[in-house]
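**Q** I'd like to ask some things about the structure below.
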Amino acid sequence: MQLLDFREFTPFNQLREKMDTARLGYFELFDPAIHLTGNERSELKERGMLKRLDEIKVLPDKTLAIKNSRVLIYNPDENFYRNSREYPSYHVAHCSFLLESAREQPDLEYLVTTRLAEDYELLKIRPSGEISVSQHGFVVCKHCLHKLRYKDFDEFRNRKRGYSEKVLKSFRLEEFFALYTLYPLSFGQRPETADSGLLGQ
Ligand SMILES: [Zn+2]
């Protein structure tokens, strides 16, 4: 599709004259390579998308994004938590756990979502091959909080252990994404894609 050049678009220039301004103002043209479509936004908010880690963008502040939206991600396989005896957790940053995961299992798909909730869906694959879906409570990944030094969280310094425990316990996604805008992100220019995946970090 050929996009029209607004600088030479008569109705636009007439409007500009009426407004008595010579300035062009600022607008970002829709580019499906960097902007989510309406359908993609709904999908992220409702069902979520399955993506490999190298398909998820890491922003300069180390939070995670798909195109122009920050996201959170989790492993939707119930067996993973059962086998590792871990309480299900979601990730909000390019943490040490994801770095390791990308190295060990680059093809593993994570559920990517913009839905802010306390419970998320886990898939259970029975030996018979039957798949069932269940809701489960989730907590934030502490490695992510450490990576971002969220509210000064530090997972290694003993002196701060009590304080960091409090930050972890009182973590709320709404509060987090009030600090790190969920959507829309503005890049000003088209971001490089070569080193934008988790594997390229
Ligand atoms: Zn994490």
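**Q** By the scheme Lys and Arg +1, Asp and Glu -1, what is the net charge of all other residues having a beta-carbon under 12 Å from that of His146?
**A** So the environment of His146 carries a net charge of +4.
**Q** Further question on the same structure: Just flag the GluC sites (Glu not before Pro) in the stretch 20-72 sitting in loop per DSSP whose Cβ has no more than 11 other Cβ atoms within 10 Å.
**A** Hits after loop and neighbour filter: Glu46.
**Q** Out of the chymotrypsin sites (Phe, Trp or Tyr not before Pro) in the stretch 9-99, which ones are loop residues according to DSSP with at most 13 other C-beta atoms within 10 Å?
**A** Answer in residue order: Phe9, Tyr26, Phe27, Phe30.
**Q** Which shape class, rounded, prolate or oblate, goes with the stretch 26-186 when its Cα gyration tensor gives a ≥ b ≥ c as root eigenvalues, a/c under 1.5 marks rounded, and past that a/b bigger than b/c marks prolate?
**A** Cα axes put the stretch 26-186 in the oblate bin.
**Q** Placing +1 at every Lys and Arg Cβ and -1 at every Asp and Glu Cβ, with all other atoms neutral, what dipole size does the stretch 26-186 have around its Cα centre, in debye to the nearest 20?
**A** Around 700 debye, computed over the stretch 26-186.
**Q** Please name whichever of Ile56, Asn158, Leu168 sits farthest to the positive end of the charge dipole of the chain, dipole taken about the Cα centre and charges placed at Cβ: Lys and Arg +1, Asp and Glu -1.
**A** Of the options given, the answer is Asn158.
**Q** Which loop-located trypsin sites (Lys or Arg not before Pro) does the stretch 149-190 contain, where loop means any DSSP state but H, G, I, E or B and the Cβ has at most 12 other Cβ atoms within 10 Å?
**A** Hits after loop and neighbour filter: Arg149, Arg157, Arg172.
**Q** Still on this structure, please answer the following. With +1 on each Lys and Arg Cβ and -1 on each Asp and Glu Cβ, how big is the dipole of the stretch 68-135 about its Cα centre, in debye rounded to the nearest 20?
**A** For the stretch 68-135, the charge dipole is close to 80 debye.
**Q** As I understand it, the dipole of the chain uses +1 on the Cβ of Lys and Arg and -1 on the Cβ of Asp and Glu, about the Cα centre. Which of Gly129, Thr21, Tyr81 lies farthest toward its positive end?
**A** Sorting the options by dipole projection puts first Tyr81.
**Q** Could you list, in their original order, any pairs among Lys67/Lys124; Lys45/Lys151; Lys51/Lys124; Lys124/Lys147 whose Cα atoms are separated by more than 23 Å?
**A** Lys67/Lys124; Lys45/Lys151; Lys124/Lys147
**Q** Okay, next question. Test of understanding: ordering Ser101, Ser128, Ser84 by Cβ neighbours within 10 Å, fewest first, what list do you get?
**A** Ser128, Ser84, Ser101
**Q** Could you give the nm distance between label points at Asp31 and Asp61, where each point is 7 Å from its Cα heading toward the beta carbon?
**A** Label-label distance for Asp31 and Asp61, simple model: 2.2 nm.
Laboratory data are not the source of any read-out in this text; all were calculated from the coordinates shown. The shown structure was predicted, so the numbers you read here are calculated from the model rather than taken from an experiment. All Cβ positions, even for glycine, are placed from backbone atoms using ideal geometry, and neighbour counts span all protein chains on display.
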